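Here the structure is laid out as structure tokens; the discussion comes afterwards.
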Amino acid sequence: MEDLSKYYTLLRDPTRRKIIEILGAQEKIGFKELRETLGLGVGTVYYHLDMLSNFLAQDKKRKYRLNERGRVLYRILKDGSVPASLEIGEAFSHRLGKWLFLSPLFAKTAKPLRVLPVSIAILLAGALGSAYVKLDPALFFYFPYSTYSFTSTVALYILNWIGLFLFTEIFTHLIYQRAGNNLQLFTCLGLATLPMAAFPYIYLFISKADSQYVLFVLQIWSLMLVSAAFCFGKGIRLDKALVVSLTAMYANITILFMLGRFS
């Protein structure tokens, strides 16, 4: 088998290790039974299964089992013969990933009602901040000198993110055949708005020239968090989630060009 250090991003997660151990011990298991055993949300389980797709197979009854590579991986994990390079790579990437993608917070959305108030609070903070400093919100963009009323700006901000939620639902259903789990996705997207919600408050204390650079950095971070939200909310791998988030970004830019906002 290839050097296992290539797979540290998979193996560092205890849930994915547990899935491999469950399948190694039980040989095969249905999705519902696996989800109940793990005690996680639908989207979260789909996400981990998607990450492990190269090590899994499904039979005619759609039950999951380890393929040949998965069985080798299970034996290695069971024997405790994971290379030292794996442990070294895990320490750095795990800390970096947790900071950039807010993974611990997204993981809590397996029970979305617990995190939903935080998600709504972030959305409202961004909406109120935009209205207070008179910035026109346009999903991943802001435009100064808004002519909208305070209430209209608040509504526009919230509608932008609801629009992204609806776009994601349609896109992932058509392209990846992932439906449902709506509340977790909405909760995750609310959390992912954190960088854009913070921008109006930063804008108050910096120059217009500096604000462009700050906005650019926050846009990149927001794109990363939105991708993570799709991973947890719809249970798709990060590479697939990036396709959705980049498509949404390009659609955002195209609409703004059509409306003459970029000149």
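Numbers at a glance
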| read-out | value |
| --- | --- |
| Projected label distance in nm at residue 170 and residue 57, using a 7 Å step from Cα toward the beta-carbon | 3.9 |
| Amide H contacts under 5 Å for residue 64, placed H, 5+ residues apart | 29, 30, 31 |
| Mean Cα-pair separation over length for the chain, i.e. relative contact order, pairs under 8 Å, 6 or more apart, % | 22 |
| Three-way shape call for the stretch 102-258 based on the alpha-carbon gyration tensor, with the a/c threshold at 1.5 | prolate |
| Estimated FRET transfer efficiency when R0 is 51 angstrom, pair residue 18-residue 251 (beta carbons, to 0.05) | 0.85 |
| Global geometry of the chain, whether rounded, prolate or oblate, following the gyration tensor of its Cα atoms and the 1.5 cut on a/c | prolate |
| Degrees, to the nearest 10: 14-26 long Cα axis against longest axis of the chain | 30 |
| Rounded tilt (10° steps) of 208-234 against the dominant C-alpha axis of the chain | 40 |
| 21 Å Cα-Cα threshold exceeded, pairs from 63/240; 32/63; 134/208 | 63/240 |
| CD proxy at 222 nm, helix term only [per DSSP H run n ≥ 4: -39500 (n - 2.57); per residue of the chain; nearest 500] | -23000 deg cm²/dmol |
| Alpha-carbon centroid distance for the pair the stretch 200-240 / the stretch 148-174, whole angstrom | 16 |
| Separation of the residue 216 and residue 132 label points, Cα + 7 Å toward Cβ, nm | 2.8 |
| Protection proxy ranking of 110-119, 24-33 - average other beta-carbon atoms within 10 Å, highest first | 110-119, 24-33 |
| Potential lengthening between residue 99 and residue 79 on full extension [0.36 nm per residue; Cα-Cα distance subtracted] | 4.0 nm |
| Among 101-107, 223-229, the order from most to least packed when residues are scored by Cβ within 10 Å on average | 223-229, 101-107 |
| Environment charge of residue 178, counting only residues whose C-beta is closer than 11 Å and scoring Lys/Arg +1, Asp/Glu -1 | 0 |
| Helix axis angle, 68-79 relative to the chain longest principal axis, alpha carbon, degrees | 80 |
| For the stretch 144-157, Karplus couplings with θ = phi - 60° (6.51, -1.76, 1.60), whole Hz, Gly/Pro x | x, 6, 5, 9, 6, 6, 4, 5, 5, 5, 4, 5, 4, 4 |
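None of the figures in this text is laboratory data; all of them are computed from the coordinates on show. All values derive from a computational prediction rather than experimental measurement. Note that each Cβ is placed from the backbone with ideal geometry, even for glycine, and that neighbours are counted across all protein chains shown.
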